[in-house]
Ligand SMILES: [Zn+2]
């Protein structure tokens, strides 16, 4: 072989090796799952009955195989679902799953977990989820034309509240924030006063324990119309306005009448929670609580 021919052969060998290497790299990258794809793997919707053992199959049948239809079914809770369904035969299976996911089959404050969604507008605070001593970022002072005293809300909620307050004013309504963000330390003192006054059992029906108050999220405003006591807010024309309009600004009535067994709180016509327009619209349309919305659509989200 002369020099030229050898050079050409060497060139072909290099090209072949290059093609093989490239093919290998491409094969590996297409067959490997990226982090995006693996994120939700632990929560498989529409799980078919086929792969379970007989005992599990029988349990799932007791629950009408509801796991095939919803994606917020947790296999770990299967015995709790069955027991709650037996105690509440009139509830739909979706409601059984939803309520057990909230924790309602267990006593308040007995099985609590830390909120994983700090500084998000969809953070949930109830008698099963604690904020501990969390202090939200971006707390800002609410305009004095929309509040009494010095009141703070998380920036996004403050802007939405002030817009709602200004639009209401144009139509002749006064929506005034009279209590908003409360710190963990403040709630310690407040709750203790209520306990001294009424005892733990009664205090728990209307006041949150420290670390469990939704006011600590910085996304809540108790409102009045600057004339009527806030506890009678539902006797005012402002209340009707809020019922028809609050969701347009991302606010919901958090503890509605008739939902006490789900929210764990007595009806509070004055307590409004900012969740953003999308969630607020869904809740308004479907007449569900934020606790229910959370376990169906938010929990498990990363
Ligand atoms: Zn409140």
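The values are calculated or read from the model by the stated rules, or taken from the named source; none is laboratory data. Note that this is a predicted model, so its numbers are computed, not measured. Here Cβ is always computed from backbone atoms with ideal geometry, including for glycine, and neighbour counts include all displayed protein chains.
Does residue 230 meet the test of being within 16 Å of the ligand (Cβ to nearest atom), surrounded by fewer than 23 Cβ atoms within 10 Å (Cβ to Cβ) and closer than 22 Å to residue 144 by Cβ?
Here the answer is yes, as residue 230 does meet what is asked.
Within segment 216-227, is there a residue that is in a helix (DSSP H, G or I), assigned by TED's automatic domain parsing to the domain that holds residue 243 and surrounded by 14 or more Cβ atoms within 10 Å (Cβ to Cβ)?
Pass one, segment 216-227, residues in a helix (DSSP H, G or I): 216-217.
In the following step, the residues that additionally are assigned by TED's automatic domain parsing to the domain that holds residue 243 were identified as 216-217.
If we keep only those that are surrounded by 14 or more Cβ atoms within 10 Å (Cβ to Cβ) as well, we get 216-217.
Within segment 216-227 (the criterion being in a helix (DSSP H, G or I), assigned by TED's automatic domain parsing to the domain that holds residue 243 and surrounded by 14 or more Cβ atoms within 10 Å (Cβ to Cβ)), the answer is yes, since at least one residue qualifies.
Specify which of the listed residues (218, 211) is within 14 Å of the ligand (Cβ to nearest atom), touching a residue at least 40 places away in the same chain (Cβ under 8 Å) and at positive phi.
The unique qualifying residue is 218.
Which of the residues belonging to segment 118-136 are surrounded by fewer than 15 Cβ atoms within 10 Å (Cβ to Cβ), on the phi < 0 side of the Ramachandran plot and touching a residue at least 40 places away in the same chain (Cβ under 8 Å)?
Hits for segment 118-136 are 133, 135.
Kindly indicate which of 224, 234 is touching a helix residue (DSSP H, G or I) at 6+ places or on another chain (Cβ under 7 Å) and on the phi < 0 side of the Ramachandran plot.
One residue alone meets the criteria, 224.
Can you spot a residue in segment 170-177 that is in the same structural domain as residue 206 (by TED's automatic domain parsing) and under 24 Å from the mean Cα position of the chain (by Cα)?
Yes, the conditions are met somewhere in segment 170-177.
Can you confirm whether residue 185 is within 27 Å of the chain's Cα centre (by Cα) and surrounded by fewer than 17 Cβ atoms within 10 Å (Cβ to Cβ)?
Considered against the rule, which asks whether it is within 27 Å of the chain's Cα centre (by Cα) and surrounded by fewer than 17 Cβ atoms within 10 Å (Cβ to Cβ), residue 185 comes out as yes.
Count, please, the residues in segment 36-66 that happen to be at pLDDT 95 or above and closer than 23 Å to residue 99 by Cβ.
Within segment 36-66, residues that are at pLDDT 95 or above and closer than 23 Å to residue 99 by Cβ number 10.
Does residue 199 satisfy the criteria of being buried (at least 18 other Cβ atoms within 10 Å of the Cβ), away from the ligand (no atom under 12 Å from the Cβ), on the phi > 0 side of the Ramachandran plot and in the same structural domain as residue 161 (by TED's automatic domain parsing)?
No.
Just the residues that are in contact with a strand residue (DSSP E or B) (Cβ under 9 Å, 6 or more places away or on another chain), closer than 20 Å to residue 241 by Cα and touching a residue at least 40 places away in the same chain (Cβ under 8 Å), please, taken from segment 269-293.
Scanning segment 269-293 gives 270, 271, 272, 273, 274, 275, 279.
If we scan segment 244-252, do we find a residue that is over 20 Å from the mean Cα position of the chain (by Cα) and more than 15 Å from the ligand (Cβ to nearest atom)?
Going residue by residue through segment 244-252, those that are over 20 Å from the mean Cα position of the chain (by Cα) are 244-245.
With more than 15 Å from the ligand (Cβ to nearest atom) added as a condition, the list becomes 244-245.
Yes.
Name the single residue, out of those in segment 266-302 being touching a helix residue (DSSP H, G or I) at 6+ places or on another chain (Cβ under 7 Å) and within 14 Å of the ligand (Cβ to nearest atom), that is nearest to residue 108 (Cα to Cα).
266
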